[in-house]
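Visitor: First the structure, then my questions, so here it is.
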Amino acid sequence: MEVTRTPIEGLLIIQPRIFNDGRGYFYESWNRNSYASAGITADFVQDNQSLSQRGVLRGLHFQRPPFAQAKLVRVIQGAVLDVAVDIRKNSPTYGQHFAITLTAENKTQFFIPEGFAHGFYTLEDNTIFAYKCAGLYNKASEDCLLWNDPALGIDWNAENPQLSEKDLVGKTLAALDSPF
């Protein structure tokens, strides 16, 4: 696998080694030893999967400590614009974001450590998004940044995304008292 560091410390792009032949393809989407060699030592304890139609925006979500979660995300079917926002108070990139397009075709994975808000915008119908979480979900510790906060400067390329009630009322970066 090939691991690429992003301009924001801790965010990693992973391109697994794909084995194609006349029957289709095979690749390891997770191997503890291989990923540890790449610096990903998170103890993943929960796998999640969602199905979304084109135009759905989910995020920007995070969980507060002690239930913070690192995530390893990928797309099984379809495509998304995936975004991580640095909310680590002492980070030189606090408030900055990194965006990447993840598709079923490119099979790219994105590692997001604790201390980031995360979201995605669905680019195709019937998109299946999968992610491993280091830390179990805890409703009482969930939180959300406002997806279109001008201070974040995220170009979602989305005029009227479909949003949940929770995502409509996320906090602005200025209002966030980051626990990280």
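Read the figures in this text as sums done on the coordinates, not as results from a lab. Since the model is a prediction, treat every value here as computed from it, not as a measurement. Glycine also receives a Cβ, built like all others from the backbone with ideal geometry; neighbour counts cover every protein chain displayed.
Visitor: Kindly provide log₁₀ I(q)/I(0) values, in the same order as q = 0.14, 0.16, 0.22 Å⁻¹, from the Debye equation applied to equal alpha-carbon scatterers of the stretch 24-75.
Guide: Taking Cα atoms of the stretch 24-75 as identical point scatterers yields -0.56, -0.71, -1.08.
Visitor: Pull out a ≥ b ≥ c, the square roots of the eigenvalues of the alpha-carbon gyration tensor of the stretch 1-87, then state rounded if a/c is under 1.5, prolate if not and a/b is larger than b/c, and oblate in the remaining case.
Guide: Note, shape of the stretch 1-87 comes out oblate.
Visitor: Given labels modelled 7 Å from the Cα in the Cβ direction, how far is it in nm from residue 41 to residue 5?
Guide: Going from the residue 41 label point to the residue 5 one covers 1.7 nm.
Visitor: Given that compact globular proteins tend to follow 2.2 N^0.38 Å, what is the ratio of the alpha-carbon Rg of the chain to that value?
Guide: 1.00
Visitor: OK, next. Work out, step by step, the length gained on full extension between residue 166 and residue 103: first 0.36 nm times the residue separation, then minus their alpha carbon distance; give nm to one decimal.
Guide: Value of the extension gain: 20.1 nm.
Visitor: I need to check one value: relative contact order of the stretch 1-82, counting alpha carbon pairs closer than 8 Å and at least 6 residues apart, in percent.
Guide: In percent, rounded to a whole number, it is 13.
Visitor: While we're on this one: Estimate the FRET efficiency between residue 20 and residue 125 by the formula 1/(1 + (r/R0)^6), using the beta-carbon distance for r and 45 Å for R0, to the nearest 0.05.
Guide: E between residue 20 and residue 125, to the nearest 0.05, is 0.95.
Visitor: Computed from the mean reciprocal separation of all distinct C-alpha pairs, what Kirkwood hydrodynamic radius does the stretch 130-180 have, in Å?
Guide: Hydrodynamic radius (Kirkwood, Cα pairs) of the stretch 130-180 is 13.0 Å.
Visitor: How large, in Å, is the stretch 71-129 by the Kirkwood hydrodynamic radius built from its alpha-carbon pairs?
Guide: After inverting the pairwise mean of 1/r, the radius is 11.9 Å.
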